[in-house]
């Protein structure tokens, strides 16, 4: 399954696309956050817990149709969370009094339509990402680096998939090893430094941070390929070595420029700072 984030207004919505059924599944709590305009994840989670209990007692199909799938949490690990498809969410929305009900319904319909377009023409997904970043004020240079970094990341995860590394927790563990090695902070610590919660860390990296992340992941894949790494133990070794190569380059650059590569800078709009979520 393809997992990523999408955005409704100022709210990040986690979602998973099931290739077999060609269906989007969205995090119910994230949708509740947007519906209730709640910036605190735990309060939204409690709201859903109470609503879920009430709907369950009423025998609502909404609760029956909700599933649990693993989605990335704040610490980078995948955790089970309630998810629902568009049809179920449209029913759920009717149970939540909210001025955002109709806008979210239209947004869900748009997301589904765009995914169908992307299946027919995969390049449309890249074009939409580029357009979104441009609207957010990112430079063309940053966008190119972000997209090149994603391609490097995809090649690494493809290697992991083909060599007995499981998606989800194991991907997250290896990613954190690479990151901690080159940056000398964990993914969670790096996000905290930037004031991020559920946002994608790479979407808030500087050009330099993106470059060193890509170097670390490129080095990891090439080392893994050379040593024919199989499974977690051997890929952990490759991940540490690959991250170490990027660390040496980072330290060398910092010594020559006197500037730290890992920074607290982010691209969060100032008007959204008060709405950052806690996962």
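The values are calculated or read from the model by the stated rules, or taken from the named source; none is laboratory data. Fair warning: this is a prediction, and the values are worked out from it, not measured in the lab. So basically every Cβ, Gly included, is an ideal-geometry build from the backbone, and we count neighbours across all protein chains shown.
Miscellaneous remarks
- Test for residue 47: is it under 27 Å from residue 174 (Cβ atoms), over 15 Å from the mean Cα position of the chain (by Cα) and in the same structural domain as residue 102 (by TED's automatic domain parsing): no
- Odd one out for residue 202, checked against (1) more than 22 Å from residue 136 (Cβ to Cβ); (2) assigned to a helix (DSSP H, G or I): (1)
- In region 158-172, residue modelled with the lowest pLDDT [restricted to those that are surrounded by fewer than 17 Cβ atoms within 10 Å (Cβ to Cβ) and assigned to a helix (DSSP H, G or I)]: 169
- Checked against (1) exposed (fewer than 15 other Cβ atoms within 10 Å of the Cβ); (2) in contact (Cβ under 8 Å) with a residue 12 or more places away in the chain; (3) touching a helix residue (DSSP H, G or I) at 6+ places or on another chain (Cβ under 7 Å), residue 37 passes all but condition (3).
- Residues located in region 226-239, provided they are in a helix (DSSP H, G or I) and either closer than 19 Å to residue 166 by Cβ or not assigned by TED's automatic domain parsing to the domain that holds residue 169 (or both): 231, 232, 233, 234, 235, 236, 237, 238, 239
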